[in-house]
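The structure appears right after this line, and notes come after that.
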């Protein structure tokens, strides 16, 4: 009989620490705390690599496309013709494009499977449930007078909350209603989390979330429930529930009614149009390499200022226009190829296997893409957590669908 070595015991301890950090991350990602538990887990994972190296099999072109994306966007720093090469641009590039990749690289330092991934989503669900209750309490407590039109619960960034709503809630909804081997109690937990978050989302007053959830949730119902009569009834009930929540909040109703307004009467939407026009001009003037990563704010406030003052913005509130203006046609094509590939493999898998992993990922990807139409939430300025989540969930999807297979040689652990 093989005996356990001290190395095995150390690795077992490290694995427990890594997973504990990941659980803490799922429970605290909405809180403003100084410790980043995902980064902490990754650090312990690096220590783990000292003792054992995983055997990695990659059955996907995803890392080729990531490398292409990183290379093409980096070229904009060197070859743009509006500024000289600087360490400030390098620092910005690292923060926006490189650091969030920790989300996908963490899959190489821990043995993820559907069971421990599900445990992480239980943590995400708990965080969303508690935060939604806090938002509802703020609303009925009249805190909207103090905080303005944005209620965020325990979170201090409505843009971060907006992005994670669209990244995570679609996955939880699929886990709740799609027929799978997940236990009834867990599916009920996810469904209750969604039920509590719908009024919270409405009271948070972020219109792209209204649009994203309004498009993605009915699609999830239609693809998850085979009986279409039941599916349609579910959609009707969901709409009635949402409508009732809107009636409680006149501010939310007004925000919803102004989604398509592009005139000066809704200055928030009008600001975006002006920023988009300026970004297109930047791309037309610098089509190949763009103006360079990190140069948008300076160019917007000096050479491409709109006729009406819009505010001191650092990005154009649209990912594609941000890519076009800062990285030109090269960076934009690499960005589009990356996302088109992810859509292709996930849709192809779903059509072939009808698996809920693929449906969950497609739903999250679609909602996130919609979010990127009105904000720079992929490799965006300042808030990089949504990009990290995107890469983390992409890593989970690749693992669950065996695009990446990671194993360890047990001979290295025993004697």
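So, residue 251, is that one modelled with pLDDT under 95, closer than 19 Å to residue 162 by Cα and not in a helix (DSSP H, G or I) or not?
Details: modelled with pLDDT under 95: yes; closer than 19 Å to residue 162 by Cα: yes; not in a helix (DSSP H, G or I): no.
No.
A quick yes/no check of all residues on (1) at pLDDT 95 or above; (2) more than 11 Å from the chain's Cα centre (by Cα); (3) surrounded by fewer than 23 Cβ atoms within 10 Å (Cβ to Cβ):
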site	(1), (2), (3)
355	no, yes, yes
362	yes, yes, no
366	yes, no, yes
371	yes, no, no
374	no, yes, yes
380	no, yes, yes
384	no, no, yes
402	no, yes, yes
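Considering only the range 61-77, state which residues are in contact with a helix residue (DSSP H, G or I) (Cβ under 6 Å, 6 or more places away or on another chain) and under 24 Å from residue 402 (Cβ atoms).
Of everything in the range 61-77, those that are in contact with a helix residue (DSSP H, G or I) (Cβ under 6 Å, 6 or more places away or on another chain) and under 24 Å from residue 402 (Cβ atoms) turn out to be 65, 68, 69.
Taking into account only those residues within the range 301-327 that are out of contact with any helix residue (DSSP H, G or I) (no Cβ under 6 Å at 6 or more places or on another chain) and part of a helix (DSSP H, G or I), which is surrounded by the most Cβ atoms within 10 Å (Cβ to Cβ)?
Among them, the one singled out is 322.
Hey, can you tell me all the residues within the range 170-190 that are without any contact (Cβ under 8 Å) to a residue 24 or more places away in the chain and surrounded by fewer than 16 Cβ atoms within 10 Å (Cβ to Cβ)?
181, 183, 184, 185, 188
When you scan the range 50-57, do you find a residue that is touching a residue at least 24 places away in the same chain (Cβ under 8 Å) and either farther than 30 Å from residue 345 by Cα or in a helix (DSSP H, G or I) (or both), even just one? Let's see the steps before the verdict.
From the range 50-57, those touching a residue at least 24 places away in the same chain (Cβ under 8 Å) are 51-52, 54-57; that's our starting set.
Then drop every residue that is not either farther than 30 Å from residue 345 by Cα or in a helix (DSSP H, G or I) (or both), which leaves 51-52.
Yes, the range 50-57 contains at least one residue that is touching a residue at least 24 places away in the same chain (Cβ under 8 Å) and either farther than 30 Å from residue 345 by Cα or in a helix (DSSP H, G or I) (or both).
When the residues of the range 79-90 are filtered to those that are touching a residue at least 60 places away in the same chain (Cβ under 8 Å) and part of a helix (DSSP H, G or I), which remaining residue is farthest from residue 344 (Cα to Cα)? Please lay out each step first, then the result.
Filtering the range 79-90 for residues touching a residue at least 60 places away in the same chain (Cβ under 8 Å) gives 79-83, 88-89.
Imposing the further condition that a residue be part of a helix (DSSP H, G or I) reduces the set to 79, 88-89.
On the way: 79: 32, 88: 36, 89: 33 Å.
Among those that are touching a residue at least 60 places away in the same chain (Cβ under 8 Å) and part of a helix (DSSP H, G or I), it is 88.
The values are calculated or read from the model by the stated rules, or taken from the named source; none is laboratory data. Just so we're clear, the structure is a prediction, and the values are computed from it rather than from any experiment. Backbone-built Cβ (ideal geometry, glycine too); neighbour counts: all protein chains shown.
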